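Remarks on the structure that follows.
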Amino acid sequence: KIDFISVLNEKDNKKKISQILHRLIIIEGIDRQKISIVSATSLERSSLRGLDKIGNFEIKNSEYLNGNLVTYDTVFRFKGLENDIIILTDIDETTNKNEIMYVSTSRARLLLIVLSNQTVINNLKKYV
C-alpha cells in the first residue's frame with residue numbers, strides 16, 4: 001500500500017512526519033523498529049538534517065535497524081534493507097523518480113508513505 005501526503009515546506013514536512021509517527025506508534029501500537037524514514041536526498045540536504053528526534057521519537061541511521069528505534073537514512077544507503085513501514089521524504093522536482101520509487105517501494109514490506117509537494121506527488125503517481 002502507498003499513501004501520498006502533501007506537504008507545503010520543510011516545517012510542514014517535519015510536523016507531518018511527527019504526526020505520522022505518533023499515529024503509527026502511539027495510536028496503532030506499531031513497534032518503532034518497524035518504521036524507517038528514508039530521504040531521497042543526502043542527509044546534509046534533508047529537511048530532517050541534524051535532528052536526533054522527531055516529536056517524541058528518537059531517530060538513528062540504518063545501522064540501528066535492529067534496535068527499538070525509528071531509523072532514518074538516505075534511499076541509497078538503505079539499499080538492500082527493508083522494513084514494514086517506510087516514510088519517504090525529501091523528494092523534489094529534480095529527483096530521479098523512477099529509481100526512487102523502485103528502491104522505496106521495494107523496501108516497504110507493508111506500507112510506503114510518501115511526503116512531498118502536490119506537484120511531485122502527481123508525477124510520482126504515474127510510476128505506481
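The values are calculated or read from the model by the stated rules, or taken from the named source; none is laboratory data. Bear in mind the structure is a predicted one, so any value in this text is a computation, not a measurement. Counting neighbours? That spans all protein chains shown, and the Cβs are built from the backbone with ideal geometry, glycine included. Keep in mind that these areas ignore ligands, DNA and RNA; they rest on the heavy atoms of the full protein, side chains included. Shrake-Rupley method; radii C 1.70, N 1.55, O 1.52, S 1.80 Å.
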Quick one: what pairs do we get from region 1-23, first residue free of Cβ contacts under 8 Å to residues at least 40 places away in the same chain and under 15 Å from Ser39 (Cβ atoms), second open to solvent by less than 30 Å² (accessible area, probe 1.4 Å) and among the polar types (S, T, N, Q), C-beta under 8 Å, 6+ apart or different chains?
Glu10/Ser47
Filter region 26-63 down to the residues that are under 19 Å from Arg107 (Cβ atoms) and assigned to a helix (DSSP H, G or I), then identify the one that is least open to solvent (accessible area, probe 1.4 Å).
Ser62
Only one residue in Leu110, Leu69 is more than 11 Å from the chain's Cα centre (by Cα), open to solvent by 40 Å² or more (accessible area, probe 1.4 Å), modelled with pLDDT of 80 or more and not hydroxyl-bearing (Ser, Thr, Tyr). Which one?
Leu110
Flagged pairs (Cβ under 6 angstrom, 6 or more apart or on separate chains; first in region 115-128, closer than 7 Å to Val7 by Cα; second at pLDDT 85 or above and of a type in the set (Ser, Thr, Tyr)) are Leu115/Thr89
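Please enumerate the residues belonging to region 110-126 that are of a type in the set (Val, Ile, Thr) and not in a helix (DSSP H, G or I). It would help to see each step written out before you state the result.
Just the residues of region 110-126 that are of a type in the set (Val, Ile, Thr), to begin with: 113-114, 119-121.
Once the filter is applied, which keeps residues that are of a type in the set (Val, Ile, Thr) and not in a helix (DSSP H, G or I), region 110-126 yields Ile113, Val114.
Residue by residue, here is whether (1) in contact with a helix residue (DSSP H, G or I) (Cβ under 9 Å, 6 or more places away or on another chain); (2) on the phi < 0 side of the Ramachandran plot holds:
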{"position": "Ile86", "(1), (2)": "yes, yes"}
{"position": "Asp90", "(1), (2)": "yes, no"}
{"position": "Asn96", "(1), (2)": "no, yes"}
{"position": "Met101", "(1), (2)": "yes, yes"}
{"position": "Thr105", "(1), (2)": "yes, yes"}
{"position": "Val114", "(1), (2)": "yes, yes"}
{"position": "Asn123", "(1), (2)": "yes, yes"}
{"position": "Val128", "(1), (2)": "yes, yes"}
If the Cβ limit is 6 Å and pairs must be 6+ apart or interchain, which residue in region 82-102 that is farther than 16 Å from Val120 by Cα and of a type in the set (Asp, Glu) pairs with which residue that is at pLDDT 75 or above and surrounded by 13 or more Cβ atoms within 10 Å (Cβ to Cβ)?
Glu82/Arg107; Asp84/Lys34
Tell me yes or no: at least one residue of region 5-18 is crowded, with 16+ Cβ neighbours inside 10 Å and either hydroxyl-bearing (Ser, Thr, Tyr) or not in a helix (DSSP H, G or I) (or both).
yes
